[in-house]
Amino acid sequence: MRRAIRRGLARPAMAGIALACAMSLAAPAGLRLAVVSVDLPDLDLATSTLVVDRNGTLLRPFPIGTGIWRLKVGRDQVDPVFFRLLKTYEDRRFDEHHGVDLRALARAGWQAVTSVGIVSGGSTLTMQVARLLSGENTRSLAGKLRQILLARALENRLSKDEIVGLYLLAAPYGGNIEGVRAASLAYFGKEPGRLTAAEAALLVAIPQSPEARRPDRHAEEAREARDRVLARAARAGALRIEVAKEAIGSPAPSARKPFPMLAAHVAAEAAERAHESAASAPGAAEEIRLSIDAGLQQRLERLAARAAKSLGPRVSVAILAADHGTGEILASVGSADPLGFARAGFIDMTRAERSPGSSLKPLIYGLSFELGLAHPESLIEDRPTAYAGYAPASFDGEYRGTVTVRRALQLSLNVPAVTLLEEVGPTRLLARMRRAGVRPALSGISPPGLAIGLGGLGVTLEDLVTLSAAIARGGEAVKLRLDPAAPRQELGRILSPAAAWQVADILSGAPTPLGARADNIAFKTGTSWGYRDAWAVGFDGRHVVGVWAGRADATPVPGLVGIEAAAPIMLEAFSRLGPTRRMPPPPAGILQARSAALPPPLRFAGRGEEAATPAPEIAYPPDGARIDLGLSGGAPQPLAIKLRDGAPPFTWFLDGRPVQRTAFRREITLRPQGPGFADLMVLDRAGKAARVRIFLE
């Protein structure tokens, strides 16, 4: 009890002594000499590295080297109500005094003596800043004097706004939270630019006793301290009474909220790259601006998280959205759960090399258009075919026979794509990809073969988005970039304008999943071997969006296909971008015609397959057959002829005379002139023939 009494008496005594010393320093000469001799501490406080979006919205902060969250903030970034409450509660004469408020010190000392305890403090905001900067223990007489001198020195050398700015950075808010901005994000989950009266009062109250008033540990103490600030503000007229009452009745936070972590992967990479290039230690004060749109990024991250949850517990989703006119990346979702171990969220799947499945087919078809090997309305065969030992299979096990090139690309048929790649050449395909800055991963065992057209190489989602952006731009590739200040960098042409438009026109009519609308969107899906990767990449008149879904560890996911898993995500991503933009009109000189009206060299595509095409065979009638058509009397019947194999078009002969030509039909009917022997012959495109001799009666 005696020790407690002595402590209680010692504090007001110390306050009285400090007051006396302060009064003695008020002598102008002594004061100036003492203040001039003060060495100011480092006023350039280290602040967290901040990664912001194109408009300055915070994407992700990083703690300084000691683990402290201290975010750079300007006075204009804090709600004015905070300053009004701060001055009312802490330092009413801040704008008038020169660092030390002698009246406040005298009042505090007198109250301490007469009450045998501390009733109110006498420290000004400037003195608090001095204590925070110096780390001085101000409970001792010497420490209090140094605080007073440092406060006067700060007032001499800094403006009032600069002093307030230091307080906004250095005020302690419990644990590793320092500064108003970090506290507002940690306790309210928002920037301090728009605070309620209750929130502003809590930010004023916590620094007086930061550990005892931490909302995440001592919520009730924090609320009571906040309410005292509100009550005093109401009494002083700084708040209307009804506003203060409403604020006092509002709940106080009881837990810390996570700091923003939008675009987690690219933000971390940008921060690391900035530190390395500046040769600075981690935590150096920086603000790194990216081309990301924070609002869009948040919407697409939520979309990825929801989609991944529906696809499986270990499935992840990556989304990349860009403006293909400028190359600026607007959103980069590297994982559906960046902090999740089950989905390997630490891996940025926009830059992971994976098999693209059928996603490269648009470039193959575009090259065939550019080289004059095919036209969208050319006819091409989809049937079992072998190419020097390589026999591509249809994804669904079915073959459509003779189809247009347009339909073959829209249905993503494998055999027609390989047929065209054989004529285009795998080397040319790779050369055009490299022209766009894409460096595919290839096996070094043998030269690239036709299998690369169906996913036999490694590319990234960023690569596929780059190639699609080039097609959307009329064949001109542009480098995707995250730095909004960097100039647009065009890489080279990968397709002619006409070929690029033809590919885009075909893809804009691709079938959508479950009848979903895809207005003004051209897109292509892909599925890698073994259901390991599902892809969808599309573009409209302004934006390009790529989606990958799968497991980061490349484990197969049965049933995971691009049209069902990735395409719906891509289409929804476009809806979150806003209204789609129309694609440009066709360039001059585009040949638009039906199959039969095309020039003869373009009516049929894939002439390189003819050597591997089986010769035509007349399936009916068989050779030597005797067929009763009623030619001897009665009503004569037509003769039906059926053909299999061969390469269309077909020319049909009866007794050496051409009687019919069909573009791709393999069945015809003829009306013979009379009974007797008849010689039937069919000639295909490659000059291969089939003959039968029959007897008609």
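The values are calculated or read from the model by the stated rules, or taken from the named source; none is laboratory data. In this text, all values refer to a predicted model and were calculated from it rather than measured experimentally. For neighbour counting, all protein chains shown are included, and Cβ atoms are generated from backbone atoms with ideal geometry for every residue, glycine included.
A few notes on this one:
- A single member of Trp501, Trp535, Trp548 is at pLDDT 95 or above, assigned to a strand (DSSP E or B) and touching a Gly at 6+ places or on another chain (Cβ under 9 Å), and it is Trp535.
- Residue in segment 672-688 that is assigned to a loop (DSSP other than H, G, I, E, B), touching a residue at least 40 places away in the same chain (Cβ under 8 Å), loosely packed, with under 14 Cβ neighbours inside 10 Å and of a type in the set (A, V, I, L, M) present: no
- Filter pass, Thr525 being among the polar types (S, T, N, Q) and assigned to a loop (DSSP other than H, G, I, E, B): no
- Selection count, segment 223-244, where residues are under 23 Å from Lys190 (Cα atoms) and of a type outside the set (Asp, Glu): 8
- Matching residues in segment 180-191 - criterion: being of a type outside the set (A, V, I, L, M, F, W, C), in contact (Cβ under 8 Å) with a residue 12 or more places away in the chain and touching a Ser or Thr at 6+ places or on another chain (Cβ under 8 Å): Glu191
- Just one of the listed residues (Ala233, Ala238, Ala219, Ala198) is more than 34 Å from the chain's Cα centre (by Cα), buried (at least 23 other Cβ atoms within 10 Å of the Cβ) and modelled with pLDDT under 95, and it is Ala233.
- Subset of segment 429-450 (residues that are modelled with pLDDT of 90 or more, part of a helix (DSSP H, G or I) and either over 31 Å from the mean Cα position of the chain (by Cα) or among the aliphatic types (A, V, I, L, M) (or both)): Leu429, Leu430, Ala431, Met433
- Residue pairs meeting the criteria (Cβ under 6 Å; at least 6 apart or on separate chains; first within 20 Å of Ser359 (Cβ to Cβ) and in contact (Cβ under 8 Å) with a residue 12 or more places away in the chain, in segment 466-489; second polar (S, T, N, Q) and in a loop (DSSP other than H, G, I, E, B)): Gly475/Ser496; Lys479/Gln489
- Taking strands (runs of 3 or more DSSP E) as the structural unit, those lying wholly within segment 312-408 and holding at least 3 residues that are within 35 Å of the chain's Cα centre (by Cα) and buried (at least 24 other Cβ atoms within 10 Å of the Cβ) correspond to 316-323, 329-333.
- The strands (runs of 3 or more DSSP E) found entirely in segment 551-657 that carry 1 or more residues being touching a residue at least 40 places away in the same chain (Cβ under 8 Å) and among the acidic types (Asp, Glu) are 617-620.
- Considering segment 412-444, and only residues there that are among the aliphatic types (A, V, I, L, M) and surrounded by fewer than 17 Cβ atoms within 10 Å (Cβ to Cβ), the residue that is nearest to Ala386 (Cα to Cα) turns out to be Leu442.
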